[in-house]
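Quick notes on the structure that follows.
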């Protein structure tokens, strides 16, 4: 399965339109959006997601810490919200976590580590966890993908513990713009596509193995 993964659009309509063109050009079969779609504006976030859905490719998303908390309960058939939920698709199980762990900036949608752990447990309680894919705005703690410019590891311990326990095949995260890259925890491949408002995205090929490459579209 070919997946187009992105995060951190941050209100940029031009970036969403450019991403949509690239999704079609690459014949993606699913799009994973790892949060920070807008800035505390439900209608704007939905409008940006609808630009992506015009590709007629199935969209899966979670909100980010900058998104309105209302987005955490908004979903429809072509724009599936995975926050605290799981969905079967193409022989895989997709699950998700929106928001982020606490930040110094008092952003709109922040969670405690306990809430993160509870949501992740809830998300997978009713689904098969073999061939599991996770979309989490927060990266796991203490990887190359949660390291800020100041050298602080700003990811989530609970996300890390979930990965260690459930061993998903793939994790798509965002949040830390400067930490674009690919990492591994055991056999789990983790990717931060980089901020989509600057054209960052990741190509994912799922077969028996997970193949990921970073790329850019023109914004």
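The values are calculated or read from the model by the stated rules, or taken from the named source; none is laboratory data. As the structure is a prediction and not an experimental result, all values here were calculated from the model. Glycine gets a Cβ as well: all are built from the backbone with ideal geometry, and neighbour counts include every protein chain shown.
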Exercise. Can you tell which of 19, 15, 7 is at pLDDT 95 or above, touching a helix residue (DSSP H, G or I) at 6+ places or on another chain (Cβ under 8 Å), over 25 Å from residue 210 (Cα atoms) and surrounded by 24 or more Cβ atoms within 10 Å (Cβ to Cβ)?
Worked result: 15
Problem set entry | Index of the failed condition, residue 41 passing every other in (1) surrounded by 18 or more Cβ atoms within 10 Å (Cβ to Cβ); (2) free of Cβ contacts under 8 Å to residues at least 40 places away in the same chain; (3) under 16 Å from the mean Cα position of the chain (by Cα) | (3)
Exercise. Looking at this structure, is residue 111 crowded, with 18+ Cβ neighbours inside 10 Å and free of Cβ contacts under 8 Å to residues at least 24 places away in the same chain?
Worked result: yes
For this session: Would you confirm whether any residue within region 55-68 is more than 14 Å from residue 195 (Cα to Cα), at pLDDT 95 or above, over 13 Å from the mean Cα position of the chain (by Cα) and not in a loop (DSSP other than H, G, I, E, B)?
Result: yes
For this session: Provide a single number: the residues in region 171-201 that are at negative phi and surrounded by 23 or more Cβ atoms within 10 Å (Cβ to Cβ).
Result: 13
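Considering only residues that are surrounded by fewer than 20 Cβ atoms within 10 Å (Cβ to Cβ) and either in a helix (DSSP H, G or I) or in contact (Cβ under 8 Å) with a residue 24 or more places away in the chain (or both), which ones fall in region 73-83? Spell out the reasoning first.
Let us first name the residues in region 73-83 that are surrounded by fewer than 20 Cβ atoms within 10 Å (Cβ to Cβ), namely 73-80.
Across region 73-83, the qualifying residues are 73, 74, 78, 79.
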For this session: Mind listing just one residue for me: the one in region 114-132 that is assigned to a helix (DSSP H, G or I) and either in contact with a strand residue (DSSP E or B) (Cβ under 8 Å, 6 or more places away or on another chain) or crowded, with 20+ Cβ neighbours inside 10 Å (or both) and, of those, modelled with the lowest pLDDT?
Result: 123
Problem set entry | Search result, residues across region 93-122 that are farther than 20 Å from residue 41 by Cβ and within 16 Å of the chain's Cα centre (by Cα) | 93, 94, 95, 96, 97, 101, 116, 119, 120
